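Colleague: Have a look at this one.
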Amino acid sequence: MNNAYEVLEERISEWGISNEEIIAVYIVGSRAREDKPFDEFSDLDVVVFSTNPDYYLQNDQWLLNIGKVWTSFMFRTAKGDPEKLVLFDQGAEVDFLFRHISDLDHIIKNGRIPEGFQRGVRMLLDKTGNGNQIISQTTTIPDTPLISEGAYLQVVNMYCFTSLYVAKQILRNDLWVAKQRDMDCKQLLLQMIEWHAKAVHGSEYDTWHAGKFMNEWADQDVVTDLKKSFGKYDPNHSWEALVVSLKLFKRLSSEVAAKYKYAYPDELFSHIQNWLGGQYDKHR
């Protein structure tokens, strides 16, 4: 599989060289970084600076120059940038992020390394002669916003509210809805796990993103509880997982509040736990 990606990189480079609208091409993500580098299942993340980016996002004909395509479609990154996701032969996945060449000029003038480039980047093509100016000589951890009491309380309130909603769907045996909303809870739980890790280990502690490598950076007792927090498509199992998740979130949020001297809504958690205990005994 890795050989398939090497071939794709060569073809992308050749395509860029022969296309006057393609000015610079970079490889980012796991296939460009040294810390926790790619494995056989890693996709290929490509950033392309072009004079005509919209064309390549909206058309597929150019992909034939690179390889046999199983499927492709437009998507948006977590930050809202449009990208082209392509599944090539042999199951090779490539994410193409197209940006206008003026963006590259602005980045160079600004002198700030783009966030997606901070963990590692390789230059595949550069027709400007200045493309290496946005490649850092050392990899850095992307900046993360400092936690505030307002943000902390918002996450706690949302988690408690959503947990109660999930509980009601489980009691209704409406498990599909329960599972959907439980993923909202899990996103909030992830935020609290990240905050807790930084509270314990320091603000510069690397928690990566989207839960990646959590088994390595999160405390092991957190990982142990997480193994019991994803329930099966079954009301009893889902309920048990919800209770474990709530206890974990409560503990972590309490320790985060203590660390930063935030107000801790202990009464809210008591209301939620009492409600859960009473309702489950009544309905089971």
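Only the coordinates and a few stated rules stand behind these numbers; no lab work does. Because the structure is predicted, anything quoted here is derived from the model rather than measured. For neighbour counting, all protein chains shown are included, and Cβ atoms are generated from backbone atoms with ideal geometry for every residue, glycine included.
Colleague: Please state the charge dipole magnitude for the range 2-134, taken about the Cα centre, from unit charges on C-beta atoms (+1 on K and R, -1 on D and E), reported in debye and rounded to the nearest 20.
Modeller: Numbers: 14 positive and 23 negative charges, 78 e Å.
I would put it at about 380 debye.
Colleague: Express in nm, to one decimal, how much length is gained between residue 79 and residue 40 on full extension, taking 0.36 nm for each residue of separation and deducting their alpha carbon distance. Don't skip to the end; give the middle numbers.
Modeller: Details: separation 39, 0.36 × 39 = 14.04 nm, distance 2.67 nm.
So the extension gain works out to 11.4 nm.
Colleague: Can you tell which of 243, 230, 116 lies farthest toward the positive end of the dipole of the chain, using +1 and -1 charges on the Cβ of basic and acidic side chains (Lys, Arg; Asp, Glu)?
Modeller: In the chain, that residue is 243.
Colleague: Kirkwood Rh over Cα pairs of the range 70-185 into Stokes-Einstein at 4 °C, 1.567 mPa s: D in µm²/s? Please list the in-between numbers first.
Modeller: Details: Rh = 18.6 Å.
Estimated via Stokes-Einstein, D reaches 69 µm²/s.
Colleague: Which one of 151, 185, 175 is farthest out on the positive end of the charge dipole of the range 149-283, using unit charges on Cβ (Lys, Arg +1; Asp, Glu -1) and the Cα centre as origin?
Modeller: 175
Colleague: When the helices in the chain are scored as -39500 (n - 2.57) per DSSP H run of 4 or longer and the sum is shared across all residues, what 222 nm value do you end up with, to the nearest 500 deg cm²/dmol?
Modeller: Values: 9 runs with 138 residues, N = 284.
It comes out at -16000 deg cm²/dmol, rounded to the nearest 500.
Colleague: Can I ask one more? Using a Förster distance of 25 Å, how high is the FRET efficiency between residue 233 and residue 164, based on the Cβ-Cβ distance and rounded to 0.05?
Modeller: Working: r = 20 Å, r/R0 = 0.82.
Efficiency, from the Cβ-Cβ distance: 0.75.
Colleague: Magnitude of the Cβ-charge dipole of the range 149-283, K/R +1 and D/E -1, about the Cα centre, nearest 20 debye? Before the final figure, lay out each step's value.
Modeller: Working: 16 positive and 17 negative charges, 70 e Å.
In total the dipole reaches around 340 debye.
Colleague: If you place +1 on the Cβ of every Lys and Arg, -1 on the Cβ of every Asp and Glu, and leave all else neutral, what size is the dipole of the chain about its Cα centre, to the nearest 20 Debye? Walk me through the numbers before you get to the answer.
Modeller: Values: 31 positive and 41 negative charges, 230 e Å.
Using only the charged Cβ atoms, the result is roughly 1100 debye.
Colleague: In the range 1-101, which chymotrypsin sites (Phe, Trp or Tyr not before Pro) are in a loop and have at most 16 other Cβ atoms within 10 Å, using DSSP for the loop call? Intermediate values should be presented prior to the final figure.
Modeller: Numbers: sites: 5, 15, 26, 38, 41, 49, 55, 56, 62, 70, 73, 75, 88, 96, 98; in loops: 38, 41.
Here the sparse-neighbourhood loop sites are 38, 41.
Colleague: Which residues does a label at residue 146 reach in the range 179-206, if reach means a backbone N under 18 Å from a point 7 Å past the Cα toward the Cβ?
Modeller: 195-206
Colleague: So which chymotrypsin sites (Phe, Trp or Tyr not before Pro) in the range 246-279 end up in coil per DSSP with only 12 or fewer other C-beta atoms within 10 Å?
Modeller: Details: sites: 249, 260, 262, 269, 275; in loops: 262.
In loop regions of the range 246-279 (DSSP not H, G, I, E or B), there are no sparsely surrounded chymotrypsin sites (Phe, Trp or Tyr not before Pro).
Colleague: Next question, about the same structure. So what is log10(I(q)/I(0)) for the chain at q = 0.08, 0.14, 0.16 1/Å, when the Debye sum runs over its Cα atoms only?
Modeller: -0.47, -1.05, -1.17
Colleague: Related question: Just to confirm the filter: which GluC sites (Glu not before Pro) across the range 27-91 are DSSP coil and have at most 11 other Cβ within 10 angstrom of their Cβ? Numbers along the way, then the final one.
Modeller: Numbers: sites: 34, 40, 83; in loops: 34, 40.
Here the sparse-neighbourhood loop sites are 34, 40.
Colleague: Determine Rg/Rh for the range 2-134; Rg is computed over alpha-carbon atoms and Rh is the Kirkwood hydrodynamic estimate from the same atoms.
Modeller: Expressed as Rg/Rh, it is 0.93.
Colleague: Report the one residue of 101, 73, 160 whose Cα lies farthest in the direction of the positive end of the charge dipole of the range 19-176 (charges on C-beta: Lys and Arg +1, Asp and Glu -1; origin at the Cα centre).
Modeller: Final value for the positive-end residue is 160.
Colleague: If each residue of separation counts as 0.36 nm, what is the full-extension length gain between residue 110 and residue 61 once their alpha-carbon separation is subtracted?
Modeller: Working: separation 49, 0.36 × 49 = 17.64 nm, distance 3.44 nm.
Once the chain is fully extended between residue 110 and residue 61, it gains 14.2 nm.
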